[in-house]
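Structure first, commentary second.
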Amino acid sequence: TFLQPPRGCDMQWCFSQVKGAIDDDVAEADIISTVEFNHTGELLATGDKGGRVVIFQQEIENKNYPQLRSEYNVYSTFQSHEPEFDYLKSLEIEEKINKIRWLPQKNAAQFLLSTNDKTIKLWKISERDRRADGYNLKEEDGRYKDPNSITSLRVPVLIPMDLMVEASPRRVFANAHTYHINSVSVNSDHETYLSADDLRINLWNLEITDRSFNIVDIKPANMEELTEVITASEFHPNQCNTFVFSSSKGTIRLCDMRASALCDKHSKLFEEPENPSNRSFFSEIISSISDVKFSHNGQYMMTRDYLSVKIWDLKMENRPVETYQVHEYLRSKLCSLYENDCIFDKFECCWNGNDSVVMTGSYNNFFRMFDREHRRDVTLEASRENSKPLQVLKPRKVCTGGKRKKDEISVDSLDFNKKILHTAWHPLDNIIAVATTNNLYIFQDKLTG
Amino acid sequence: MDRGTMECAVDAQSLISISLMKIHNSRTQRGGIKLHKNLLVSYVLRNARQVYIKEKYAEIYRMQQYEEVMTVCNEIQELNPLDPEPEDAEEEDLEVAALSCCAPLQDGGGKEPETSFYRSCCMETPGSPCDPFAGNGSHCNKTTVLDLDTHVVTTVENRYLHQDCCCSAPQCAPVPDSPVRKRKGDFGCCASDLEEVSDFSASRKRVRREECTDPNYTDTSNISNLISIFGSGFSGLLSRQADLEQICSKQALASLGAWTRAIVAF
């Protein structure tokens, strides 16, 4: 159900909140590396390069001020991963959180999977608002009583306390990946999940940590023959036997786990032939897919490559049904972007709750929304300058040539250090979370009436 | 649509060196070598090398065309008998400007040739607009040599690999037949030597130059008329074009693999 009727890009977006340090000097550990809403949208998790997870919770709606849709406040912070050293290979393993995925809620506690390059962890986040009081053997402060002083027996009672949110690692899924993990995805059966690295995909049971099944292996017998790697993978939202994985060659393979134990042979291969007139030194780089996401209804999937977003109908393999240019003006700048490594940036993408709008990030702290229904798109900016409460975001425009109009920004003025790689859309409402380098912006649509 | 200005020159050679630096730097990056990024960089490297080689040979081919026309015109005027002796090509006192068909040597490298020639290597230039013999294939195993002193033109059958040639034609037998292996060897032995990696192309050229100047690998044949000057340079080589492309791309892909193999040591 929707709290607001979704209106796509004719809606106006307002600033709601920004989280993170204000100063321009960004500590590397604070760089946000993943953003994810849970299934109700009540919780918003971020992971950073320092291996920390911060979870925000949406407060109960303030009935007195309905225009101030509930704010997100810090709910829990914990260190998920620490840097490690692989002594056998003389390799340092980064603690950066690559992905966070929430499990559907089954009881009072919340569960999420967080992963770095090598190890996936299942975290339980639980609330404690009561504590036991009246122990027989212990004092208030925890010291043990002198047994001789105990003369009576009583039953401890639970008394209210200040809410405490505890995060504890319940499972650690380690040593299953030789290469760097890029994706985790929870299955709709709520019992299994997959983890993907550059060359392999493993299937896990959430309860079992010492075993995983390898379901995809694209490592060639001779590494010299390597031509592509796996870049992202996701389970179908309601078919528990189906998953997809994207490759650095711009292809997406859909696999059915019922077909065979090892899903190297795809059931479907989605690929669009390259436009030969666009061929350049960097064709292979810009066709590499950085993210793949199923639509909520399971009929479509969206892929992101360096310059565009493509929507694929799962029933049609030979071309996408929709293609949206994110920042086509960068096509003539690929050489510089290669030199400064920006061409390797991995942008993510996301759907809104009813699959009518898709969103992705760009440079200069711009992000883009594409309204599929109304065939409209808009460019917005996440910046401290536009951070007054409920300030409406003004659409931005990049000038690609000729006379620059007022309020337009020219391509050469774009700041390529300010990139929005991670965005998330509330599953049920028009609230979006947009991560700049070290800040998290929350925007909401302007409520009318 | 205004394409905007390119902030950097899309020059194949600079892309090659940029790519090599990226691969080199990735080995010291925190978190281990990123397979995906290095694979993408090696694609750029391959693309740049293909363009670089094609440009190089197009240039040489055009210069050779010009030289041969000039030579023939001169010979017609002078009517000197063309009677080169095999030893002439190897004599060390020939005073001729040398145009290396390879990129100039880095100083201090290899053995400088004592003799100098106008040496141009016939190489395929598919689709070159200046090429009056468009469609003719060429191969790196024939070299037309002009001795400016005697105005003698000879076609030298070289059984050695061109320095920048990424192909190993079967008849280039005396040399280790796989430049890929050579590159691998270079890369591997240079793995611990940081400077060598970025100087890779220069060291490769030094190796090749030594092989090129070995006189044992040359033998000469006489040219007596205009037709044979042009004919001998190109005949019988059309069929080799497809093989050449196949070999070149195979070697290019294999050289791509050499990088990833060296990179992915885990």
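The values are calculated or read from the model by the stated rules, or taken from the named source; none is laboratory data. Just so you know, these numbers come straight off a predicted model, no measurement behind them. Backbone-built Cβ (ideal geometry, glycine too); neighbour counts: all protein chains shown.
Being out of contact with any Cys (no Cβ under 8 Å at 6 or more places or on another chain), under 23 Å from A:GLU207 (Cβ atoms), surrounded by fewer than 11 Cβ atoms within 10 Å (Cβ to Cβ) and charged (D, E, K, R) narrows it down to one residue among A:LYS99, A:LYS118, A:LYS106, A:LYS124; which is it? Please lay out each step first, then the result.
Values: A:LYS99 fails: surrounded by fewer than 11 Cβ atoms within 10 Å (Cβ to Cβ); A:LYS118 fails: surrounded by fewer than 11 Cβ atoms within 10 Å (Cβ to Cβ); A:LYS124 fails: surrounded by fewer than 11 Cβ atoms within 10 Å (Cβ to Cβ).
Unique residue meeting the criteria: A:LYS106.
Please work out if A:ALA196 is of a type in the set (A, V, I, L, M), under 26 Å from A:GLN299 (Cβ atoms) and at pLDDT below 95.
Numbers: of a type in the set (A, V, I, L, M): yes; under 26 Å from A:GLN299 (Cβ atoms): yes; at pLDDT below 95: no.
In short, no.
Scan segment A:140-154 and give yes if some residue there is surrounded by 12 or more Cβ atoms within 10 Å (Cβ to Cβ) and either modelled with pLDDT of 90 or more or of a type in the set (Gly, Ala, Ser) (or both), otherwise no.
Narrowing segment A:140-154 to residues surrounded by 12 or more Cβ atoms within 10 Å (Cβ to Cβ): A:145.
After this cut, where a residue has to be either modelled with pLDDT of 90 or more or of a type in the set (Gly, Ala, Ser) (or both) as well, the list is none.
No.
For segment A:207-223, which residues satisfy the criterion of being buried (at least 19 other Cβ atoms within 10 Å of the Cβ) and in a loop (DSSP other than H, G, I, E, B)? Reasoning before the result, please.
Here is the first cut: in segment A:207-223, the ones buried (at least 19 other Cβ atoms within 10 Å of the Cβ) are A:212, A:215-216.
Scanning segment A:207-223 gives a single hit, A:SER212.
Please verify whether segment A:243-250 includes one or more residues that are among the basic types (Lys, Arg), free of Cβ contacts under 8 Å to residues at least 60 places away in the same chain and farther than 22 Å from A:ILE97 by Cβ. If you could, list the steps in order and put the result at the bottom.
Restricting attention to segment A:243-250, the residues satisfying the condition of being among the basic types (Lys, Arg) are A:249.
This time we only want the ones that are free of Cβ contacts under 8 Å to residues at least 60 places away in the same chain, so: A:249.
Restricting the remaining residues to those that are farther than 22 Å from A:ILE97 by Cβ gives A:249.
Within segment A:243-250, one or more residues are among the basic types (Lys, Arg), free of Cβ contacts under 8 Å to residues at least 60 places away in the same chain and farther than 22 Å from A:ILE97 by Cβ.
Among the residues of segment A:377-389, is any farther than 19 Å from A:ARG304 by Cα, in a loop (DSSP other than H, G, I, E, B) and within 14 Å of chain B (Cβ to nearest Cβ)?
First, the residues of segment A:377-389 that are farther than 19 Å from A:ARG304 by Cα: A:381-389.
Next, from what is left, pick out any that are in a loop (DSSP other than H, G, I, E, B): A:382-383, A:387-389.
Within this subset, residues satisfying the condition of being within 14 Å of chain B (Cβ to nearest Cβ) are none.
No: zero hits.
Keeping to segment B:49-71, report how many residues are crowded, with 22+ Cβ neighbours inside 10 Å and either acidic (Asp, Glu) or closer than 22 Å to A:GLU224 by Cα (or both).
1
Only residues in segment B:30-59 that are more than 20 Å from A:MET223 (Cβ to Cβ) and more than 9 Å from every other protein chain (Cβ to nearest Cβ) count as the first member; pair them with residues that are among the polar types (S, T, N, Q) and not in a helix (DSSP H, G or I), Cβ under 6 angstrom, at least 6 apart or cross-chain, and list the lot.
B:TYR57/B:THR125; B:ALA58/B:THR125; B:ALA58/B:SER128
Tell me, please, whether a residue that is under 23 Å from A:PHE347 (Cα atoms) and of a type in the set (A, V, I, L, M, F, W, C) can be found in segment A:253-266.
Looking only at segment A:253-266, we keep the residues that are under 23 Å from A:PHE347 (Cα atoms), and these are A:253-254.
From what is left, the residues that are of a type in the set (A, V, I, L, M, F, W, C) are A:254.
The answer is yes, given that some residue of segment A:253-266 is under 23 Å from A:PHE347 (Cα atoms) and of a type in the set (A, V, I, L, M, F, W, C).
Which one is farthest from B:GLY32 (Cα to Cα), of the residues in segment A:194-244 that are within 14 Å of another protein chain (Cβ to nearest Cβ) and under 19 Å from the mean Cα position of the chain (by Cα)? Give the derivation first.
Restricting attention to segment A:194-244, the residues satisfying the condition of being within 14 Å of another protein chain (Cβ to nearest Cβ) are A:196-200, A:218-233.
Adding the requirement that they be under 19 Å from the mean Cα position of the chain (by Cα) leaves A:196-198, A:230-233.
Working: A:ALA196: 17, A:ASP197: 14, A:ASP198: 13, A:ILE230: 17, A:THR231: 17, A:ALA232: 19, A:SER233: 22 Å.
Looking at residues that are within 14 Å of another protein chain (Cβ to nearest Cβ) and under 19 Å from the mean Cα position of the chain (by Cα), I get A:SER233.
Checking the condition hydroxyl-bearing (Ser, Thr, Tyr) and part of a strand (DSSP E or B), which residue from A:TYR179, A:TYR193 passes?
On the way: A:TYR179 fails: part of a strand (DSSP E or B).
None of the other options fit; the residue is A:TYR193.
Among (1) within 14 Å of another protein chain (Cβ to nearest Cβ); (2) in contact (Cβ under 8 Å) with a residue 24 or more places away in the chain; (3) among the charged types (D, E, K, R); (4) surrounded by fewer than 17 Cβ atoms within 10 Å (Cβ to Cβ), there is one condition A:ASP162 misses while meeting the rest; what is its number?
(1)
Which pairs do you get when a residue that is under 24 Å from A:MET316 (Cα atoms), found in segment A:256-285, comes within reach of a residue that is in a helix (DSSP H, G or I), reach meaning Cβ atoms under 6 angstrom, with the pair 6+ apart or on two chains?
Close Cβ pairs (under 6 Å, with a partner that is in a helix (DSSP H, G or I)) amount to A:GLU284/B:TYR43.
Of everything in segment B:12-54 that's part of a helix (DSSP H, G or I) and β-branched (Val, Ile, Thr), which residue is farthest from A:ASP291 (Cα to Cα)? Walk me through it before giving the result.
Of segment B:12-54, the ones part of a helix (DSSP H, G or I) are B:12-26, B:35-54.
Now narrow it down to the ones that are β-branched (Val, Ile, Thr): B:16, B:18, B:23, B:41, B:44, B:51, B:53.
Numbers: B:ILE16: 28, B:ILE18: 27, B:ILE23: 24, B:VAL41: 20, B:VAL44: 22, B:VAL51: 31, B:ILE53: 35 Å.
Restricting to residues being part of a helix (DSSP H, G or I) and β-branched (Val, Ile, Thr), the top hit is B:ILE53.
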